[in-house]
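Report on one structure; see the data block that follows.
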Amino acid sequence: MANIPQEKTLDNSIALLQEGYTYLQSRCEKFKSDIFQTRLLGEKVICLHGEEGAALFYDPEKFRREGAIPEFIKMSLFGKGSVQSMDGSAHRNRKEMFMSLMSPENMEKLMELVADNWENYLSRWEQTNKLVVLFEEVQEILCRAACAWAGVPLEEEEVRMRTDDFIGRIDSFGSVGPRYLRGVFARERTEKWLENIIEQVRRGELEAEEGTAVHMFAKFREPSVSGGEPEELDAKSAAVEVINIIRPFVAIAYYVAFSALALHRHPEYRQKLREGDDRDIEMFVQEIRRLYPFAPFLGARVREEFDWRGHHFEEGRLVLLDVYGTMHDARLWENPNEFRPERFLAWDGSPFDLIPQGGGAHHTGHRCAGEWITIGAAKVSLKFLVNMQYEVPKQNLNYSLKRIPSYPESGFTIRYVKRLDSDKPGGGNEKRSAFRGSVPLADRGACPYHKMKDIAAG
Ligand code: HEM
């Protein structure tokens, strides 16, 4: 049995915190290996990188999620009892609830809500000479759209606070100091808020429209662990799952901020995208998701011992998949650090190389339930951006690969905003039809990319 290359230092948690997104890939390069072993928070950890590493990581026979997410991350980012930590049939049942929200009609409804909110905000920006911090404003656009879609009442005066809480939770995941504490506080407040809404729906004091996430999780009955009658989800878990839809939807603001940055650094795309078709818009968004940082890595534990490429994996061993590094691997992506949306013309749709939201199958595996609506909302937002004119004053647009999660430091600030013409997205009555086709179109009911269909079917 071949030894797995090993980090010599006693514990590498500090190095990981200091190096951020590039920690795993730089070790793979040092060892010239797609697998290496390190020690994090006192525990031995195997790290996997690359397309084959991802394919292994997403084999549900080999890995489980229970016990893979550290408690301190559940305390801020995810909450307890969420789908992310489930396995087997319990995971499938819960995941199917999320996927049932992703019907073409329902996704289209969400895209229209996103477009309507963009429209309102754009009108406001046009009427002011003040600076507009795009990252913050887009968070609100997305929060309003997601709450309306999920059936969560949102009072006008609470929009910023709720948005801040969702962002605070996301912003906490790579930190140990005040950012983390803010995330814990935000988790408590959002869970209380949503728990109360679920209870009101159950008592009949609040009406939730059928087909919304609030209605679905309030009424959801899960097979009981003791084998008896299916049981109502406790209000807290139902709240956690509704939040599991709104919070990551607000996170799409990171991709929109990076889209604005990419347009700023590559202005030749403005015209191309205005004149191009939906495919051009989609390729640009795919390149944003590939190039810019969001999830650095993912974790799972070995179910039962097995061997892979001559390496032994012991039962219970924690394994990390290098998400960021795999999308910056020159063997998979030519000149990986260059922004080149056209690379997606030749992309074969592998479920294991473009993995910003996880890999493998959406319905049966842990791949992100919201990947299609993420692409869709990023596309709607990009259409607005390219059909707007604005000035980008001097500011700090750098983003650090040492900070998890990262975003342009200034939040991408603009001013003197104007829509370009009224018959394009961002203006006029054609707006709704202009947004048809924002969700990845290949097969919205099943999987957007052909290879995934085979995997989901298998
Ligand atoms: C910026 C946008 C987003 C990013 C970067 C993102 C990223 C991810 C990642 C990395 C995972 C983990 C995959 C794994 O464990 O293997 C995940 C899972 C998940 N995401 Fe997203 N996501 C985003 C948006 C969304 C949206 C809009 C939703 C709304 C439905 C959503 C719902 C979920 C759920 C429910 C899971 C758990 C899936 C499971 O464990 O089976 N995400 N996401």
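When you look at N93, is it polar (S, T, N, Q), in contact (Cβ under 8 Å) with a residue 60 or more places away in the chain, open to solvent by less than 40 Å² (accessible area, probe 1.4 Å) and not in a loop (DSSP other than H, G, I, E, B), yes or no? Taking the combined requirement at face value, the residue does not satisfy it.
Evaluated against (1) open to solvent by less than 60 Å² (accessible area, probe 1.4 Å); (2) under 23 Å from A208 (Cα atoms); (3) in a helix (DSSP H, G or I), K192 falls short on exactly one condition, (1).
Yes/no matrix, rows are residues, columns are (1) among the hydroxyl-bearing types (S, T, Y); (2) open to solvent by 10 Å² or more (accessible area, probe 1.4 Å); (3) within 16 Å of the chain's Cα centre (by Cα):
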| site | (1), (2), (3) |
| --- | --- |
| D277 | no, yes, no |
| A295 | no, yes, yes |
| R303 | no, yes, no |
| E314 | no, yes, no |
| G325 | no, no, no |
| R340 | no, yes, no |
| G358 | no, no, yes |
| G376 | no, no, yes |
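Of all residues in segment 256-270, those being open to solvent by 10 Å² or more (accessible area, probe 1.4 Å) and either within 21 Å of the chain's Cα centre (by Cα) or at pLDDT below 95 (or both) number 0.
With respect to G426, is the statement that it is at pLDDT below 95, in contact with a Phe, Trp or Tyr (Cβ under 9 Å, 6 or more places away or on another chain) and not β-branched (V, I, T) true? So G426 fits the description; yes. Remark: pairs (first residue in segment 363-387, under 13 Å from E108 (Cα atoms); second residue polar (S, T, N, Q) and more than 7 Å from the ligand (Cβ to nearest atom); Cβ separation under 8 Å; 6+ apart in sequence or on different chains) = I375/Q286; G376/S438; A377/S438; K379/S438; V380/S438. Out of L142, L101, L113, L131, one residue alone is at negative phi and in contact with a Lys or Arg (Cβ under 6 Å, 6 or more places away or on another chain). It is L131. One residue alone among L181, L194 is touching a residue at least 12 places away in the same chain (Cβ under 8 Å) and more than 20 Å from E137 (Cα to Cα), and that residue is L194.
The values are calculated or read from the model by the stated rules, or taken from the named source; none is laboratory data. What you see is a predicted model; the values in this text were computed from it and never measured. Heads up, the Cβs are rebuilt from the backbone with ideal geometry, glycines too, and the neighbour counts pull from every protein chain shown. Heavy atoms of the whole protein, side chains included, go into the accessibility calculation; ligands, DNA and RNA do not. Shrake-Rupley method; radii C 1.70, N 1.55, O 1.52, S 1.80 Å.
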